[in-house]
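Visitor: The structure under discussion is supplied below as structure tokens; questions concerning it will follow.
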Amino acid sequence: MAPLNTQQENILTAFVTALAQQDESLPQGLQTQLHAIGQNLEARIVELPAIAASLPNLNQAYQSALANAQTHPADQGATLVSTNQDQNSKLRDRAVQILTDSDPVQAAQRSQSRGLGQIASNPIKRIFGRG
């Protein structure tokens with residue numbers, strides 16, 4: 001698998017972050033679409049913005065997270081600083097797990113609550129686990 005490019009990382013980061021901020025599960029049709037995207041993530045990652053746009057609350061959270069990912073790459077909410085290919089693979093794997101889960105919103109929330117997607121904006125905080 002080829003590493004994700006910066007644009008793909010930003011889309012994926014913003015989408016997973018937006019999912020984690022939702023109060024309710026997505027409609028079943030969208031969950032089915034996400035599952036299919038998760039099965040072939042690299043080829044279908046570009047479909048995530050259209051899915052976000054289909055729900056006002058999801059789109060608002062997605063646009064906010066996307067703007068943050070593009071202007072502050074080190075402060076990303078869901079994850080996604082690709083400092084190396086290993087980090088890139090972890091992001092892809094985690095995204096696939098979230099998108100193919102029976103409830104992607106809950107999966108994204110669980111992922112963030114475990115701290116998997118939290119990246120400290122300050123490298124010192126990362127070292128001491130306070131980010």
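Visitor: Ala74 - would you say it is assigned to a loop (DSSP other than H, G, I, E, B), at pLDDT below 75 and at negative phi?
Guide: On the way: assigned to a loop (DSSP other than H, G, I, E, B): no; at pLDDT below 75: yes; at negative phi: yes.
So Ala74 does not fit the description; no.
Visitor: Looking at segment 26-48, I want the residues that are of a type in the set (Val, Ile, Thr) and have a partner that is open to solvent by 20 Å² or more (accessible area, probe 1.4 Å) and in a helix (DSSP H, G or I) with Cβ atoms under 7 Å, at least 6 apart or on another chain. Which pairs are those?
Guide: If the second residue must be open to solvent by 20 Å² or more (accessible area, probe 1.4 Å) and in a helix (DSSP H, G or I), the pairs left are Ile37/Arg44; Ile37/Glu47; Ile45/Gln8.
Visitor: Still on this structure, please answer the following. Hey, can you tell me all the residues within segment 14-51 that are under 22 Å from Ser113 (Cα atoms) and in a helix (DSSP H, G or I)? Outline the logic, then answer.
Guide: From segment 14-51, those under 22 Å from Ser113 (Cα atoms) are 14-26, 31, 34-35, 38; that's our starting set.
Within segment 14-51, Ala14, Phe15, Val16, Thr17, Ala18, Leu19, Ala20, Gln31, Leu34, His35, Gly38 qualify.
Visitor: Exactly one of (1) open to solvent by less than 20 Å² (accessible area, probe 1.4 Å); (2) of a type outside the set (D, E, K, R); (3) within 21 Å of Gln87 (Cα to Cα) is unmet by Ile51. Its number?
Guide: Only one criterion in (1) open to solvent by less than 20 Å² (accessible area, probe 1.4 Å); (2) of a type outside the set (D, E, K, R); (3) within 21 Å of Gln87 (Cα to Cα) is unmet by Ile51, namely (3).
Visitor: Here's a follow-up. Pairs needed: first member in segment 49-60, within 16 Å of Pro104 (Cα to Cα); second member anywhere, of a type in the set (Gly, Ala, Ser) and open to solvent by less than 40 Å² (accessible area, probe 1.4 Å); C-beta distance under 7 Å; at least 6 residues apart or different chains.
Guide: From residues that are within 16 Å of Pro104 (Cα to Cα), the pairs are Ala52/Ala18; Leu58/Ala18; Leu58/Ala52; Asn59/Ala52.
Visitor: For Phe15, all conditions in the list (1) modelled with pLDDT under 95; (2) surrounded by 19 or more Cβ atoms within 10 Å (Cβ to Cβ) hold save one; what is the number of the exception?
Guide: The failed condition is (1).
The values are calculated or read from the model by the stated rules, or taken from the named source; none is laboratory data. Since this is a predicted model, take the numbers as computed values, not measurements. Virtual Cβ from ideal backbone geometry, glycine too; neighbours counted across all protein chains shown. Remember, those area values only see protein heavy atoms, side chains included, never the ligands or the DNA or RNA. Shrake-Rupley method; radii C 1.70, N 1.55, O 1.52, S 1.80 Å.
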